[in-house]
1. With an 8 Å cut-off on Cα pairs and a minimum separation of 6 or more residues, tell me the relative contact order of the chain in percent.
2. Would the stretch 17-79 count as rounded, prolate or oblate if I go by the C-alpha gyration tensor, calling it rounded below 1.5 in a/c and otherwise prolate when a/b exceeds b/c, oblate otherwise?
3. Set the bar at 31 Å for Cα to Cα. Now go through 159/192; 54/200; 18/92 and name every pair that lies beyond it.
4. Once the Cβ-Cβ distance between residue 169 and residue 101 is put in as r, and R0 is 30 Å, what FRET efficiency do you end up with, to the nearest 0.05?
5. Charges at C-beta only: +1 for Lys and Arg, -1 for Asp and Glu. How large is the resulting dipole of the chain about its Cα centre, in Debye rounded to 20?
6. Would you please state which residues of the stretch 127-169 a label at residue 28 would reach in this model, taking the label point 7 Å out along Cα→Cβ and a backbone N cut-off of under 11 Å?
7. In whole percent, what relative contact order does the stretch 134-205 give with Cα contacts below 8 Å and a gap of six or more residues?
8. Over 18 Å between Cα atoms: which of 4/160; 25/126; 44/163 fall into that group?
Amino acid sequence: MTEKSPLCMDLFECGAVKFGVFTLKSGLKSPIYIDLRPIVSHPKILKRVARELKEIAQPLEFDRVAGIPYAAIPIATALSLETNWPMIYTRKEIKEYGTRKQIEGEFKEGETVLVVDDLITTGSSKFDVIQPLQEAGLLVKDIAVLIDREQGGKEELAKKDLKLHAVLTISELLETLYEDEKITPHQYADIKTYFSNPEKWGVYK
């Protein structure tokens, strides 16, 4: 058992890790889908997630955390409560009434924010949410996620001088679930095949 095993088991048992054939936002098919929204109904798991994120974020330099809608907002909130780090969050849509803000919460131009998200795949969607933060005069250097699917996101962020910090990689999650017999040898082999060539895997599904 690794130090991450309890977290992996929590995510599996609350239904955040699903197996089957799924179409991702990128259009690619995948035999594994990570849906971290269910953890909002499990306070103990949400607290564990916050503690794990705190551990990887403590060495970094920033003024506040920024949650990405929607799945990461409760995660960022839990992290803020765990650490007393002030938080802001971006909106997907700007309201047509009231203040019409795209960023909620207090901040000052020139501050550095740690962007918090649930997971990363290719990394392309992260730029859409980082842009309004930068346009508001905030600096973004680091992205903290719970799970890195290891499908190029870290490398894409690096091209923009952004550094990724992940609590778990998909490889660590799969190894733990396999060792604890939560997935069959056939499932494990199929998923490993997928990650070696996602485009080819999807053709036959």
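Please treat every number below as a calculation from the coordinates, not as lab data. Bear in mind that the values here come from a model prediction, so they are computed numbers and not experimental data. In this analysis, Cβ positions are derived from the backbone assuming ideal geometry, glycine residues included, and neighbour counts consider all displayed protein chains.
1. Reported as a whole number, the value is 18 percent.
2. Prolate, since a/c reaches 1.5 and a/b exceeds b/c.
3. From the list (159/192; 54/200; 18/92), the Cα-Cα distance tops 31 Å for 54/200.
4. Values: r = 35 Å, r/R0 = 1.16.
Efficiency, rounded to the nearest 0.05: 0.30.
5. 500
6. 149-153
7. 24
8. 4/160; 44/163
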